[in-house]
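Novice: Handing you this structure, nothing more for now.
Bear in mind these aren't lab numbers, they're just calculated from the coordinates by the rules spelled out. From a predicted model like this one, the values you see are computed outputs, not experimental measurements. Glycine gets a Cβ as well: all are built from the backbone with ideal geometry, and neighbour counts include every protein chain shown.
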Amino acid sequence: MSENFGSSGQIQPLSIGNVVSAAVRLYRSHLKSYLNLAAIAHLWILVPIYGWAKYAAICGLISRLAFGELIYQPESVQAARSHVNPRLWSFLRVGFQVGISLLLIYFGLAIVGGILAALLGVVLGSILGTSGIVVATTLAIIVTVGIVLLGLIWFYSRWVVAEVPLAVEENINGGESVARSWELTKASVLRIVGIVLVAFFVTLPLVFVLNYIPSLFLLKLEQGSTIYSIVYFISWIGSLVGGVLVMPFWQALKAVLYLDLRSRREGLGLQLREPPSPDFR
């Protein structure tokens with residue numbers, strides 16, 4: 001059954017649940033194709049610079065394939081790759097631009113949060129005296145962490161679909177693709193935050209089992225020992241498998257979100273369908 005984005009008279013945005021469930025359906029219906037691409041992408045990460053560009057381009061490729069399904073214009077992997085590959089270095093630029101921007105924002109927010117936390121500590125210390133030192137320290141840490149997390153989530157929500165316009169639209173470069181994401185998400189930050197959080201909790205069990213649990217064992221082992229090396233290798237493999245399994249879901253989610261944002265802001269009379277089950281490769 002189709003889920004209507006809206007008619008030319010009125011565009012109805014998808015709910016948070018609809019966006020996530022649509023991404024899940026896309027992921028499940030093209031599981032083999034998407035996982036093959038994700039595995040290749042994660043192997044490319046091992047190659048500096050060029051491999052990182054290939055990884056970023058394959059992320060965009062998966063989003064383009066998902067977007068084509070959503071608008072009833074499915075492409076083969078080869079056809080979609082012919083559009084994405086010439087923009088290889090633009091995808092790398094998008095990744096670096098967003099990553100460096102978030103890193104600078106992190107440091108800026110940490111400084112602002114630290115200053116505010118210090119002022120709060122001084123005020124509470126003067127009011128509560130020595131007995132309030134623990135309370136002041138705890139509140140200062142909470143304020144700093146809260147400011148950093150909220151700020152990063154807000155900015156990430158503005159750039160969440162930064163690579164999708166580059167993968168989908170014509171006559172656009174990396175910088176313009178990042179700006180396009182900023183423009184499309186302008187009035188939808190809170191809803192996007194909700195979508196990201198729901199998607200995070202959907203993937204959390206898998207990530208926890210494959211990424212975090214093996215790493216916890218390393219904390220209790222002596223570095224340099226044989227058992228440490230074995231557990232480290234298992235942890236590395238688990239992280240790689242977790243990345244391969246999760247990445248296509250997030251790229252499909254970005255495709256759904258990008259289409260929804262365009263429908264709401266630009267009045268596109270498009271429909272979101274349940275993808276067909278056969279692999280179109």
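Novice: Could you give the nm distance between label points at residue 96 and residue 18, where each point is 7 Å from its Cα heading toward the beta carbon?
Specialist: So the two model labels end up 4.0 nm from each other.
Novice: Here's something else I'd like to know. Compute the angle between helix 31-44 and the longest alpha-carbon principal axis of the chain, please, reported from 0 to 90 degrees and rounded to the nearest 10.
Specialist: In the chain, helix 31-44 runs at an angle near 60 degrees to the longest axis.
Novice: Sticking with this one: What is the chain by shape, rounded, prolate or oblate, if you read a ≥ b ≥ c off the alpha carbon gyration tensor as root eigenvalues and call it rounded for a/c under 1.5, prolate for a/b larger than b/c, and oblate otherwise?
Specialist: Oblate, since a/c reaches 1.5 and b/c is not below a/b.
Novice: Test of understanding: what is the full-extension gain from residue 223 to residue 176, defined as 0.36 nm times their sequence separation minus their Cα-Cα distance?
Specialist: Between residue 223 and residue 176, full extension yields 12.3 nm more.
Novice: Just the C-alpha atoms of region 44-202: what Rg/Rh do they give, with Rh taken as the Kirkwood radius?
Specialist: 1.15
Novice: Calculated FRET efficiency, residue 111 and residue 209, Cβ-Cβ r, R0 25 Å, to nearest 0.05?
Specialist: E between residue 111 and residue 209, to the nearest 0.05, is 0.10.
Novice: What dipole magnitude, in Debye to the nearest 20, does the chain give about its Cα centre under +1 on Lys/Arg Cβ and -1 on Asp/Glu Cβ?
Specialist: Dipole magnitude for the chain comes out near 80 debye.
Novice: Angle between the Cα long axis of helix 189-207 and the longest principal axis of the chain, 0 to 90 degrees, nearest 10?
Specialist: It works out to around 90 degrees.
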